Amino acid sequence: MNSRQQLILQMVIDQGRVSVVELAKTTGVSEVTIRQDLNLLEKQSYLRRAHGYAVPLDSDDVETRMMNNYALKRELAEFAASLVNNGETVFIENGSSNALLARTLADQKDITIITVSSYIAHLLKETRCEVILLGGIYQKKSESMVGPLTRQYVQQVHFSKAFIGIDGWQPETGFTGRDMMRSDVVNAVLEKECEAIVLTDSSKFGAVHPYTMGPVSRFNRVITDERLSEEHRNKLEDDGLIVNIIKTTA
């Protein structure tokens, strides 16, 4: 996705409905070029075209969250993707940063992605990537599969790495989530004793939510941005995690 297409997406997210004429005027290219951009972005499941307009997808606003700090999250995803080798099978949990990672991996590498996110599965429908979507109770708001069936499915598949989103972390609590059932799925993944990698922007550190993900000893690595405080970084490293700080140009 080039910088013009990123701008188009941001305008669509911010305004909800943007005309081809307005997009052409703002970006300084022809309406023909804008239509080509919109065709590509629609094919990649980033937005939806209407007659003369572009509108957001009808979903849980995962794409809206994806576009918040998009450049930063894109750099985090690029680094995370560099840790995955061709031929690997990886688990990717829900969330906007993980969705960007899934798309990056699908575009760059020959891998198998296991996920509980129907949004991620849909995002990858036009790629050559092998996708395994685990079943369970469909949580409509998060577009994620949860519950006892999902836990059973996690136990029956195998993967070398798991990329996990979090809602909070504090030194006293470790990693936490705001949703009990999604946190339970993460804990089922951690029981697999694979390489567990937290992929998140630094805003989650210092926050706390009700449901524990962990213990922290089951995590191996954190990938985040340079706004993570030195104190928090030191605590994470003292707990045995590798901390990758990605310096962004955003």
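The values are calculated or read from the model by the stated rules, or taken from the named source; none is laboratory data. Since the structure is predicted, the reported quantities are computational estimates derived from the model, not experimental observations. For neighbour counting, all protein chains shown are included, and Cβ atoms are generated from backbone atoms with ideal geometry for every residue, glycine included. Each accessible area value is taken on the protein alone, full model and side chains, heavy atoms only, with ligands, DNA and RNA left out. Shrake-Rupley method; radii C 1.70, N 1.55, O 1.52, S 1.80 Å.
Can you sort Ser96, Ser217 by 1.4 Å-probe accessible area, starting with the largest? Write out the running numbers ahead of the final one.
Values: Ser96 10, Ser217 90 Å².
Listed by decreasing accessible area, they come as Ser217, Ser96.
Is the range 59-175 rounded, prolate or oblate when judged by the Cα gyration tensor, a ≥ b ≥ c being the square roots of its eigenvalues, rounded requiring a/c under 1.5 and prolate requiring a/b larger than b/c?
Details: a/c = 1.23, a/b = 1.02, b/c = 1.20.
The shape class here is rounded.
Cα-Cα pairs above 23 Å in the range 154-250: how many percent?
Values: 928 of 4656 pairs.
Roughly 20 percent, rounded to a whole number.
Nearest-5 percent of antiparallel DSSP beta bridges in the chain?
Details: 15 of 40 bridges.
Restricted to the chain, the bridges split so that about 40 percent are antiparallel.
Only four residue types carry charge here, +1 at the Cβ of Lys and Arg and -1 at the Cβ of Asp and Glu. Report the dipole size of the chain about the Cα centre in Debye, rounded to the nearest 20.
On the way: 28 positive and 33 negative charges, 119 e Å.
The dipole magnitude comes to about 580 debye.
How large, in percent, is the carbon and sulfur part of the accessible surface of the chain at a probe radius of 1.4 Å? It would help to have the intermediate numbers written out before the result.
Details: 5220 of 11440 Å².
Carbon and sulfur: 46 percent of the exposed surface of the chain.
Among Val116, Pro171, Ser217, flag the residue with its Cα farthest along the positive direction of the charge dipole of the chain, charges on Cβ as +1 for Lys/Arg and -1 for Asp/Glu.
Val116
What is the calculated FRET efficiency for Val29 to Gln152, with r their C-beta to C-beta distance and R₀ = 41 Å, to the nearest 0.05?
So, using R0 = 41 Å, E works out to roughly 0.20.
Percent antiparallel among DSSP beta bridges with both residues in the range 113-250, to the nearest 5? Write out the running numbers ahead of the final one.
Details: 10 of 27 bridges.
About 35 percent, rounded to the nearest 5.
How about the range 196-250: which GluC sites (Glu not before Pro) there lie in a loop by DSSP and see at most 16 other Cβ atoms within 10 Å? Display every interim value, and only then the final one.
Working: sites: Glu226, Glu230, Glu231, Glu237; in loops: Glu226.
Passing both the DSSP loop test and the Cβ count: Glu226.
If the reach is capped at under 19 angstrom between alpha carbons, list the lysines near Lys192, excluding any in the same chain fewer than eight residues apart.
Within the straight-line limit of under 19 Å, Lys192 reaches these lysines: Lys161.
Working out 0.36 nm times the residue gap between His51 and Asp107, then minus their Cα-Cα distance, what length gain in nm do you get to one decimal? Let's see the in-between values first.
Values: separation 56, 0.36 × 56 = 20.16 nm, distance 2.90 nm.
Separation in residues times 0.36 nm, less the Cα-Cα distance, equals 17.3 nm.
Find the centroid of the Cα atoms in the range 112-135 and in the range 183-197, then give the distance between the two in whole Å.
A separation of 18 Å, based on Cα centres.
With +1 on the Cβ of every Lys and Arg and -1 on the Cβ of every Asp and Glu, and nothing else charged, how large is the dipole of the range 111-250 about its Cα centre, in debye rounded to the nearest 20?
440 debye
Over the alpha carbons of the chain, what is the largest minus smallest coordinate on each principal axis, giving the biggest first in Å?
54, 39, 34
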